[in-house]
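The values are calculated or read from the model by the stated rules, or taken from the named source; none is laboratory data. This one's a predicted model, so the numbers in the text were calculated from it and none came from an experiment. Glycine gets a Cβ as well: all are built from the backbone with ideal geometry, and neighbour counts include every protein chain shown.
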Amino acid sequence: MSTSRFYPKALAAALATVMLAGCASMAPDYQRPDAPVPAQLPSDGSNSSAANLKSARELPWQDFIQDERLTQVIALALANNRDLRATVADVAAARAAYRGQSADQYPALDVGVSGNRSRSNGSVSSSWEASGGLSSYEIDLFGKNSDLTDVQLESYYASAETARAARITLIAETANAWLTLASDQNLLQLAQETAENAKRAMDITAKRLDLGVDSRVDLASAETTYHSARTDIASYTNQVAQDKNALWLLVGSNLDESLLPTALPTTAQLVADVPTGLSSDVLLLRPDVLAAEHTLKSANANIGAARAAYFPSLTLTTTGGVASAALSNLFTGGASTIWTVAPSLSMNIFDWGGKDADLEAAKANWQKYLATYEYTLQTAFQETADALARRATMQDQLDAQRDYASSAGRSYELSMKRYEAGVDSFQDTLTSERTYYSAQQSLISAQLEELQNRITLYRVLGGGLAEPDYQTEQSIETP
């Protein structure tokens, strides 16, 4: 049987009308809002804005992180972190919702074969019918379905950008957790060394007490330093165990001990440098900012759908096919042609203000998501400005803290020698020892803060999504 017979001209014309129906959107023309932040990021006072350096967004995290152990830990986290998996599942759900809404723009074609056999007044009659057509398809004359599809598409894009932001955050959180473990390992080692030194001083004081040189006050003071260090050992041992648990949660799987740090690395050993002093336009490309903008676009399209609800709805039901008194003749040329075209136009005249309320809600949501977008951008600027401000003074503080710890160490060594030689009292030595211990603790904290500041700056500038040279960055495509 020929196609022209199965789909008669009237049905073909109806289908052509459906496919070519205009779908002019009634959504407002979208324009990106002006950025409510300064045009330039503040300077950090460094020379890291050199042209030969890649921007944070262009620098793959595998190249930014220089420590091979940490690189492996981050790769495990990206592969196994359950929170990231949940976020990726949200993207898949949003993509499916978009595809479902997109399918509503097109007619659903139904086909079927039916038969009937009956007896009346001693005679038996049969009828058979094969047909195909549309069932209550709404022609999108005013762009309502198109706008609703855009709502879902932008929601999908927002979800995808949220997943990209979660990936960046996970990289930074894993690096910071690894560094925190390294810092606490250093503090534990320092407490153990301080306890050993305090034990030596306590033994010397006990001998001098036996000789009548020192008093029991000196011995008690030496004991307090020793027991204080013991308390710190227990505290840092517990903290190291908790740091490992936190890192395990981020990674989502067991970690080989060889991948764990034993001490804080230097900046050069851990991370590469990234340029600063850039235009604040770089923040527009941060995934969290892009997610907020896609949500704003979704709200913009929803206004168009609310406006289209004021206009008539045109639905179309069509069938076309063949009919015969015998099943054997249904597809062999002996059947007659059948078709129906049933358009239906409807319009709501009065709904007690329901459509007005829907439109007002859509506009209010747009204002809400506009404020959210602007606040997200302002937050991005504030995070970046804070990281740059800290970086501007961090090196001076670190250098000063190193000098202070070095001076405190020399003072303690000299004071201990003078005490052993009987020149100074133990109280002078005790003061020097406590100062040196505190200075070393502060130095470790400053070193950790300096490294975490580099990680934070990389994150707030959008680093972590670029792929190494042997790969290509995956873009978000329309599903």
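Filtering segment 407-437 to residues that are in contact with a helix residue (DSSP H, G or I) (Cβ under 8 Å, 6 or more places away or on another chain), of a type in the set (D, E, K, R), in a helix (DSSP H, G or I) and surrounded by fewer than 21 Cβ atoms within 10 Å (Cβ to Cβ) leaves Arg418, Glu420, Asp428, Arg434.
Taking Leu316 as the residue in question, decide whether it is in contact (Cβ under 8 Å) with a residue 40 or more places away in the chain, among the aliphatic types (A, V, I, L, M), more than 30 Å from Val124 (Cα to Cα) and in contact with a strand residue (DSSP E or B) (Cβ under 9 Å, 6 or more places away or on another chain). The answer is yes for Leu316.
Taking the listed residues Glu223, Glu196, Glu173, the one that is in a helix (DSSP H, G or I), touching a helix residue (DSSP H, G or I) at 6+ places or on another chain (Cβ under 9 Å), touching a residue at least 60 places away in the same chain (Cβ under 8 Å) and charged (D, E, K, R) is Glu173, with no other qualifying.
Given the structure, is Ile168 among the hydrophobic types (A, V, I, L, M, F, W, C), touching a residue at least 40 places away in the same chain (Cβ under 8 Å), closer than 30 Å to Thr71 by Cβ and assigned to a helix (DSSP H, G or I)? Spelling it out, Ile168 is indeed among the hydrophobic types (A, V, I, L, M, F, W, C), touching a residue at least 40 places away in the same chain (Cβ under 8 Å), closer than 30 Å to Thr71 by Cβ and assigned to a helix (DSSP H, G or I). Taken together, the residues in segment 213-243 that are within 12 Å of Gln185 (Cβ to Cβ) and surrounded by fewer than 16 Cβ atoms within 10 Å (Cβ to Cβ) amount to 2.
The single condition among (1) under 47 Å from the mean Cα position of the chain (by Cα); (2) modelled with pLDDT under 85 that Thr337 does not meet is (1).
Among the residues making up segment 313-334, those that are of a type in the set (A, V, I, L, M, F, W, C) and either modelled with pLDDT under 80 or within 25 Å of Leu148 (Cβ to Cβ) (or both) are Leu314, Leu316, Ala323, Ala325, Ala326, Leu327, Leu330, Phe331. Could we say that Arg402 is closer than 30 Å to Leu190 by Cα and surrounded by 13 or more Cβ atoms within 10 Å (Cβ to Cβ) here? Considered against the rule, which asks whether it is closer than 30 Å to Leu190 by Cα and surrounded by 13 or more Cβ atoms within 10 Å (Cβ to Cβ), Arg402 comes out as yes. Looking across segment 90-113, just one residue is acidic (Asp, Glu), under 21 Å from Thr319 (Cβ atoms) and in contact with a helix residue (DSSP H, G or I) (Cβ under 6 Å, 6 or more places away or on another chain), and that is Asp104.
Just so you know, in segment 76-135 the residues that are β-branched (Val, Ile, Thr) and part of a strand (DSSP E or B) include one that is farthest from Ser336 (Cα to Cα), and it is Val124.
Remark: pairs (first residue in segment 362-378, at negative phi and surrounded by 14 or more Cβ atoms within 10 Å (Cβ to Cβ); second residue hydroxyl-bearing (Ser, Thr, Tyr) and part of a helix (DSSP H, G or I); Cβ separation under 8 Å; 6+ apart in sequence or on different chains) = Tyr369/Thr295; Tyr369/Ser298; Thr372/Thr295; Tyr373/Thr295.
Scanning segment 227-269 for residues that are hydrophobic (A, V, I, L, M, F, W, C) and either within 23 Å of the chain's Cα centre (by Cα) or at positive phi (or both) returns Ala246, Leu247, Trp248, Leu249, Leu250, Val251.
Within segment 258-289, restricting attention to residues that are part of a loop (DSSP other than H, G, I, E, B) and of a type in the set (A, V, I, L, M), the residue that is farthest from Thr169 (Cα to Cα) is Ala263. The numbered conditions (1) modelled with pLDDT of 80 or more; (2) hydroxyl-bearing (Ser, Thr, Tyr); (3) under 29 Å from Trp128 (Cβ atoms); (4) surrounded by fewer than 19 Cβ atoms within 10 Å (Cβ to Cβ) are all true for Tyr310 except (3). Whether a residue is in a strand (DSSP E or B), out of contact with any Gly (no Cβ under 7 Å at 6 or more places or on another chain) and surrounded by 12 or more Cβ atoms within 10 Å (Cβ to Cβ) was assessed, and Thr319 does not pass this test. Of the residues making up segment 303-316, those that are among the hydrophobic types (A, V, I, L, M, F, W, C) and part of a helix (DSSP H, G or I) are Ile303, Ala305, Ala306, Ala308.
Quick check, is Ala268 within 30 Å of Arg69 (Cβ to Cβ) and modelled with pLDDT under 85? It is true that Ala268 is within 30 Å of Arg69 (Cβ to Cβ) and modelled with pLDDT under 85.
Among the candidates Ser114, Ser126, Ser135, which residue alone is at pLDDT 80 or above, touching an Asp or Glu at 6+ places or on another chain (Cβ under 7 Å) and surrounded by fewer than 21 Cβ atoms within 10 Å (Cβ to Cβ)?
Result of the check over Ser114, Ser126, Ser135: Ser114.
The set of residues in segment 201-247 that are under 30 Å from Asn81 (Cα atoms) and acidic (Asp, Glu) contains only Asp243.
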